[in-house]
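Nothing in this text is a laboratory measurement; each read-out follows from the coordinates by a stated rule. For clarity, every value in this text was computed on a predicted model and none was experimentally measured. Here the Cβ is made from the backbone with ideal geometry for all residues, glycine too, and neighbour counts use every protein chain on show.
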Amino acid sequence: MSKFLCVILGGALFATACSTTAADNEEAAITGAKTKAASSREAPVKQAATKAAPQYREVTIPSGTTLSLSLTSAVASDTSKVEDAVSAELTHAVNVDGRDVLPVGSTVSGQVTGANGSGRVKGRADVAFRFNTLTTGGQKYDIATIPLSRVAAATKGEDATKIGIGAGAGAIIGGLFGGKSGAAKGAAVGGGAGTGVVLATKGQEMRLAPGADVTTTLTAPLTVRVRMS
């Protein structure tokens, strides 16, 4: 009898152990399947993120390249001082090998290198400046460019006209009161008066307002980072 009970008890224990092992194996299989499914879902996301990362390459713009610009600050012979800041923006894109490497709107900055106001009789007004920094795509680069200068228009023709008008008016007045002799003296006096007006009058100033078009040229190669499309 006791042997029979032992056999029954042993069979029960064996069945319990088998069922526990099967349950554990089933749970492990389910967990493993979920892990694999999650991994398979995450993989495309990581790949997509890698593909979306922007790619860049370096492009060298050769020396001698022209930069067409529009001033965004004013410069003037009578108000600017040496080392005053000057700025402008690109109005035409710079293209290298069929690709725009400097888009319209890229900015340049620099300083005034000279400013001389107009003198009397001689000494035309002039202002000079140069750009040495370029900003594009959020990056700032040092650049080397030719210096720019602008000179005021000459006023010699206007000065001669003023002197001639003075001499003519003097001759007329002198002739009314003293004949030929009076006319000669009047012309001399009138001419002197006209000359005095010229001596007392300064010539034109050279002024460039924001929006004025200027052109400069690179005197050294410039390497920039360009985003690949």
At what distance in nm do the modelled label points of Ala209 and Thr72 sit from each other, each positioned 7 Å from its Cα along Cα→Cβ?
1.9
Which far-off residues, 5 or more places away or on another chain, put their amide H under 5 Å from the one on Thr217, with H placed in the peptide plane?
Leu67, Ile146
In the neighborhood of Gln111, defined by Cβ-to-Cβ distances under 15 Å, what is the net charge if each Lys or Arg adds +1 and each Asp or Glu adds -1?
-1
